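The values are calculated or read from the model by the stated rules, or taken from the named source; none is laboratory data. Remember, predicted model here, so these are calculated numbers, not experimental data. Cβ placement follows ideal geometry from the backbone for every residue including glycine, while neighbour counts extend to all protein chains displayed. These accessible areas exclude ligands, DNA and RNA; they are computed on the full protein's heavy atoms, side chains included. Shrake-Rupley method; radii C 1.70, N 1.55, O 1.52, S 1.80 Å.
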Amino acid sequence: MREINPQETTRAYAFEMWMQAPNPMVTFFKTLDVSRLLKISRKSGLKFNMLMCYCIGRAASQVKEFYLLPVGDKLMQYDTIAVNTIVANSAGEVSSCDLPYSEDLAQFNSDYLRLTQQVAESCTDHDLSAESMVIGTSALTQCDIDGVVNIYSGVFNNPFLTWGRYRKGFFKTILPISFQFHHTQMDGAHAALFLNKMQDEINAIKKYCKAAGV
């Protein structure tokens with residue numbers, strides 16, 4: 001993580017416009033077709049949530065704006081991305097677990113299983129925010145929701161995705177998601193590109209499983 005001069009980036013105008021805005025967060029809603037993800041999860045035993053986090057990381061890694069983040073009054077640049085997941089811990093509460101993104105699905109799955117178990121048992125968050133641009137996620141699988149608009153604290157500027165229970169139909173399984181991002185980090189076109197790429201990565205999940213031997 002290193003500070004960069006906003007005026008030397010493509011986000012110069014956005015930095016001037018949105019850093020001091022009362023609420024600079026934007027939320028998009030999209031319905032994804034997760035039929036292939038669910039099929040692979042059931043066939044291989046891989047966790048559905050892990051596969052979602054992997055596809056999020058793959059899609060984000062292809063959009064350069066994800067490597068930038070406003071922190072305080074500065075614009076920071078990162079070399080790596082992590083995907084956060086919320087873990088039910090041994091104390092009956094929840095803890096936060098940052099997962100380093102790896103293009104290798106087998107490696108990402110191994111890290112997911114190891115780190116979520118570690119966090120669940122220790123009740124201690126695993127935080128990578130000092131070294132990676134972290135994408136937050138929250139899977140509210142106990143209920144059907146169309147999306148979530150989070151409050152803006154002025155502290156947590158990271159992009160964030162939320163989803164609930166997937167919905168099975170006759171021909172496909174869908175999952176409504178919400179995606180919140182800081183307008184300084186990216187514009188609507190970048191967010192739309194990311195969401196489209198996420199659907200592409202979900203559709204290609206079988207190929208990644210085969211390449212990883214999982």
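What the table shows:
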| quantity | calculated |
| --- | --- |
| Flag for ILE151 being open to solvent by 10 Å² or more (accessible area, probe 1.4 Å), farther than 26 Å from MET1 by Cβ and out of contact with any Asp or Glu (no Cβ under 9 Å at 6 or more places or on another chain) | no |
| So SER35, is it open to solvent by less than 40 Å² (accessible area, probe 1.4 Å) and over 23 Å from ILE151 (Cβ atoms) | yes |
| Of residues in region 86-111 being open to solvent by less than 20 Å² (accessible area, probe 1.4 Å) and in contact with a Phe, Trp or Tyr (Cβ under 8 Å, 6 or more places away or on another chain), the one nearest to ASN5 (Cα to Cα) | LEU99 |
| Residues (among the charged types (D, E, K, R) and either open to solvent by 50 Å² or more (accessible area, probe 1.4 Å) or in contact with a His (Cβ under 8 Å, 6 or more places away or on another chain) (or both)) located in region 3-32 | GLU3, GLU8, GLU16, LYS30 |
| Qualifying residue in region 115-131 (condition: in a helix (DSSP H, G or I) and closer than 24 Å to PRO24 by Cα) | no |
| Residues being outside any loop (DSSP other than H, G, I, E, B) and either farther than 21 Å from ASN23 by Cβ or acidic (Asp, Glu) (or both) - total across region 138-151 | 1 |
| Answer residue from region 46-83, given it is in a strand (DSSP E or B) and without any contact (Cβ under 8 Å) to a residue 60 or more places away in the chain and is surrounded by the fewest Cβ atoms within 10 Å (Cβ to Cβ) among those | ILE81 |
| Those residues of region 152-168 which are in a strand (DSSP E or B) and either within 10 Å of the chain's Cα centre (by Cα) or under 23 Å from PRO22 (Cα atoms) (or both), in sequence order | PHE160, LEU161, THR162 |
| Qualifying residue in region 127-148 (condition: surrounded by 15 or more Cβ atoms within 10 Å (Cβ to Cβ), of a type in the set (D, E, K, R) and over 16 Å from PHE48 (Cβ atoms)) | no |
